[in-house]
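Nothing in this text is a laboratory measurement; each read-out follows from the coordinates by a stated rule. All of these numbers come straight from a predicted model, not from anything done at the bench. Every residue, glycine as well, gets a Cβ built from its backbone with ideal geometry; the counts of neighbours run over all protein chains shown.
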Amino acid sequence: MSGPANVYDVIVVGGGIVGCAIARALAGTDLSVTLLEARADIGDGTSKANTALLHTGFDATPGTLESRLVARGYELLGDYAEQTGIPVERTGALLVAWTDEERDALPKLKDKAERNGYHACEIVGADEVYRRVPALGPGALAGLTVPGEGLICTWTTNLALGTDAVQRGAHLRRRARVTGVSVGDDVTTVHTTAGDVTGRWVINAAGLGADHLDAQFGYHRFTVTPRRGELLVFDKLTRPMVPLIVLAVPSSRGKGVLVSPTIYGNVMVGPTSENLEDRTATGTSEDGFDFLVSKGRALMPSLFDDEITATYAGLRAAIDRDDYLIDLDPSQRYVLVGGIRSTGLTSGMAIAEHVAGLLADAGLDLTERPELPAPPRMPNIGENGMRPYQDADRIAADAEYGRIVCFCERVTAGEIRDAFGSVIPPADLDGLRRRTRVMNGRCQGFYCGANTHALLQANGGVR
Ligand SMILES: Cc1cc2nc3c(=O)[nH]c(=O)nc-3n(C[C@H](O)[C@H](O)[C@H](O)COP(=O)(O)OP(=O)(O)OC[C@H]3O[C@@H](n4cnc5c(N)ncnc54)[C@H](O)[C@@H]3O)c2cc1C
């Protein structure tokens with residue numbers, strides 16, 4: 001911290017992908033940074049439950065900030081994933097037209113992609129659609145290829161950015177829900193459930209809670225509507241049926257339902273799109289399930305001969321405008337990062353770059369410190385890279401990587417031990433699942449749950 005004792009240069013509120021990316025970027029300068037997260041873990045909000053696609057931004061609204069930042073984030077995160085080992089699978093996507101109206105919309109979508117700076121889309125006929133995805137149901141008329149779309153591990157992305165931020169010197173406080181702010185002439189005191197924190201600048205990356213925090217700064221400019229997206233997850237045996245991401249032609253009702261491989265070797269169908277009022281309603285619903293089964297069955301009937309092994313839901317922080325809402329208020333030394341609805345996993349690092357640019361324009365020195373620590377090398381929990389149980393040399397050097405705890409997902413005792421010893425250790429079973437995949441398999445922890453719970457307790461349980 002510089003200046004008076006206990007005054008941070010920047011307080012970032014929210015430990016999702018966006019807040020962690022911002023904290024990481026700013027911690028790479030001489031600024032002192034603290035990151036406040038209401039929950040027991042980072043990455044436990046919207047960033048943990050999405051469709052986990054690395055978007056090219058081909059379908060964004062041209063000319064928007066979102067369009068620019070998704071395209072930039074695609075590059076930044078793609079490079080960062082290579083440096084840190086965040087699992088990525090560049091499957092590509094195929095947008096499928098099922099009606100004449102949808103087929104007629106394809107040239108406009110290609111044109112839109114080009115206006116977004118993405119020039120690799122091609123319109124293909126029905127034969128090519130079925131050649132690429134033979135398991136598709138009958139009736140596909142044509143398609144638009146989007147070769148750059150891919151799968152990425154959203155959990156590892158959030159953890160990598162958070163770990164990097166901490167290694168660069170950011171101070172992370174979990175279980176610190178911001179309840180109010182007192183803005184002074186030079187500093188702002190942020191009141192949290194873990195005590196007061198004082199800083200010069202406050203950055204609001206609170207996702208679903210961003211409008212409430214914005215109101216603490218005297219603004220009433222937007223309302224977050226939690227827009228629930230539910231998804232079905234299929235057993236790994238289905239993975240060969242879905243070689244790439246099968247997208248719907250977007251309509252005024254949204255992006256539609258997709259069928260996609262997951263980075264963990266499953267297949268998913270979803271998401272729904274339903275505006276709610278309850279910002280905590282991350283449960284799945286019978287209506288959502290029925291909707292996805294009927295939609296998904298039409299897209300790929302044979303998929304539904306196999307088993308759905310899990311369902312989940314996430315809440316998009318939708319706002320009443322068709323773009324991100326990022327704004328710097330110099331008089332209160334406050335930055336709002338709001339409305340990061342359905343593309344923030346991809347754009348997070350570019351949002352951080354954009355926010356850093358706004359702060360530099362406001363006079364902060366954002367020169368990168370020389371000799372920053374190397375980015376963290378994250379454990380691979382993706383299915384397309386080598387996992388510890390497959391690595392004979394690693395097992396020979398450390399037998400714990402040969403001791404399977406979770407048989408469905410092939411998670412070893414060595415990986416669980418490493419998670420507890422990591423820079424940001426898990427605070428609960430869900431946190432351990434996000435770091436290792438333990439209990440995420442088809443038995444959903446029936447076999448390994450008790451053993452995993454005992455390991456959690458033995459490692460201090462909650463921190
Ligand atoms: C169904 C669905 C599918 C999606 N698919 C994709 C996709 O394929 N690709 C893509 O790029 N994006 C996708 N997204 C969007 C992406 O998940 C989000 O844009 C991104 O996760 C937003 O990150 P965030 O950091 O803004 O929010 P969050 O992850 O929600 O983080 C905000 C954090 O702030 C904390 N917080 C809130 N209030 C306070 C407070 N008062 N004090 C302290 N902390 C607070 C919360 O606990 C939370 O951890 C999808 C979203 C959904 C819901």
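In percent, rounded to a whole number, the relative contact order of the stretch 388-458 is 25, using alpha-carbon pairs under 8 Å and six or more apart.
Since only Pro388, Ile416, Leu429 are under comparison, the one whose Cα sits farthest along the positive direction of the charge dipole of the stretch 388-458, derived from C-beta charges on Lys, Arg, Asp and Glu, is Leu429.
Ranking Ser251, Thr343, Ala176 by Cα position along the charge dipole of the chain, where only Lys, Arg, Asp and Glu carry charges on their C-beta atoms, puts Ala176 farthest toward the positive end. Taken over the stretch 388-458, the convex hull of the Cα atoms encloses 78 Å³ per residue. Placing +1 on each Lys and Arg Cβ and -1 on each Asp and Glu Cβ, with no other charges, gives the stretch 388-458 a dipole about its Cα centre of roughly 220 debye.
In a simple Cβ point-charge model (Lys, Arg +1; Asp, Glu -1; nothing else charged), the chain has a dipole of about 700 debye relative to its Cα centre.
The phi-based Karplus calculation (6.51 cos²θ - 1.76 cosθ + 1.60; θ = phi - 60°) puts the 3J(HN,Hα) values of the stretch 361-376 at 4, 7, x, 6, 8, 10, 5, 5, 5, x, 6, 5, x, 4, x, x Hz, whole numbers, x for Gly and Pro. The shape of the stretch 1-148 can be summarised by an equivalent ellipsoid whose semi-axes, obtained from the alpha carbon gyration tensor, come to 41, 16, 13 Å from longest to shortest. Cross-link pairs exceeding 28 Å between alpha carbons, from the set Lys48/Lys236; Lys112/Lys236; Lys108/Lys236; Lys48/Lys295; Lys48/Lys255; Lys108/Lys295: Lys112/Lys236; Lys108/Lys236. The convex hull of the Cα atoms of the chain, projected and averaged over all directions, covers 22.0 nm². In percent, rounded to a whole number, the relative contact order of the chain is 20, using alpha-carbon pairs under 8 Å and six or more apart.
For the stretch 307-463, what ratio Rg/Rh do Cα atoms give with a Kirkwood hydrodynamic radius?
Expressed as Rg/Rh, it is 1.08.
Computed over the alpha-carbon pairs of the stretch 18-98, the distance histogram in 5 Å steps reads 3, 11, 15, 21, 22, 16, 8, 3, 1, 1, 0 percent, short to long. Phi angles across the stretch 339-356 convert, under the Karplus curve 6.51 cos²θ - 1.76 cosθ + 1.60 with θ = phi - 60°, into 3J(HN,Hα) values of x, 8, 6, 10, 9, x, 4, 5, 8, x, 5, 6, 4, 4, 4, 5, 5, 4 Hz, Gly and Pro given as x. 3J(HN,Hα) along the stretch 103-111: 4, 5, 7, 4, x, 5, 5, 5, 4 Hz, from the Karplus curve 6.51 cos²θ - 1.76 cosθ + 1.60 with θ = phi - 60°, whole Hz, x for Gly and Pro. Just name one of Ala356, Gln167, Gly296: the one whose Cα is farthest towards the positive end of the charge dipole of the chain (beta-carbon charges, Lys/Arg +1, Asp/Glu -1). Looking along the dipole axis, the top candidate is Gln167. What the pair-distance distribution of the stretch 351-439 shows, using all Cα-Cα distances binned every 10 Å from zero, is 15, 34, 21, 17, 11, 2 percent. The charge dipole of the stretch 5-113, taken about its Cα centre with unit charges on the Cβ of Lys, Arg, Asp and Glu (plus for the first two, minus for the last two), comes to roughly 60 debye.
Here the mean projected area of the convex hull built on the C-alpha positions of the stretch 152-227 is 6.7 nm². On a per residue basis, the convex hull of the C-alpha atoms belonging to the stretch 380-425 measures out at 79 Å³.
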